[in-house]
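Notes for the one structure printed next.
Where a number appears in this text, it was derived from the coordinates with a stated rule and is not lab data. Bear in mind that the values here come from a model prediction, so they are computed numbers and not experimental data. Cβ placement follows ideal geometry from the backbone for every residue including glycine, while neighbour counts extend to all protein chains displayed.
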Amino acid sequence: MRTNFDTLKALALYSVNSLKQGGVIEFDIADREALIDAMATEYGVCFATDEDIRDQAIEEVEDKMGLDSLTEDITESEMFNHARKEIIKSFSGENIGGLYLVESLHQIANRMAEFLLNCELIEDVFGSDEDIHSFLVQSIRQFNPKRN
């Protein structure tokens, strides 16, 4: 399965649902879609999608080869495949639901806890910082775009 911004939105939807059901956040239901979009955008800083990796690999090949000497379908080239593999390796192969971790899971949970506390779309957040952090770590670990 190829991951892209829609996968980040699926993670955000899963997170919002889990947080709401777990009694961690309260928000106006009219703001639900905006909250999911905002959370997906924040997750975009924490995770790299297949689409991000593809774009980064193309950029690396363009930098090495120059725009003039590129073939029609650069994604079929050996150089592109090598660049892509090196980029994935730089994430230590760590991924959740096909999303590659740019930061550690604990850093992601810290970032998202901060997001929850500062997001104007969320009316109230319940629990200690540690409880919220633990809830987020557990919730993110369980994400699977095929199931959720």
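Ignoring lysines fewer than eight residues from Lys20 along the same chain, the ones with Cα atoms less than 20 angstrom from its Cα are Lys9. Among 9-15, 28-34, 82-88, sorting by the average number of other beta carbon atoms lying within 10 angstrom of each residue, highest first, gives 9-15, 82-88, 28-34. Against the longest alpha carbon principal axis of the chain, how many degrees, from 0 to 90 and to the nearest 10, is the axis of helix 78-90 turned? So the helix axis and the longest Cα principal axis differ by about 30 degrees. Normalised by the number of residues in segment 1-85, what is the relative contact order in percent for Cα pairs under 8 Å and 6+ residues apart? After rounding, I find 34 percent. Shape summary: segment 20-130 maps onto an equivalent ellipsoid whose semi-axes, from the alpha-carbon gyration tensor, are 38, 15, 10 Å in decreasing order.
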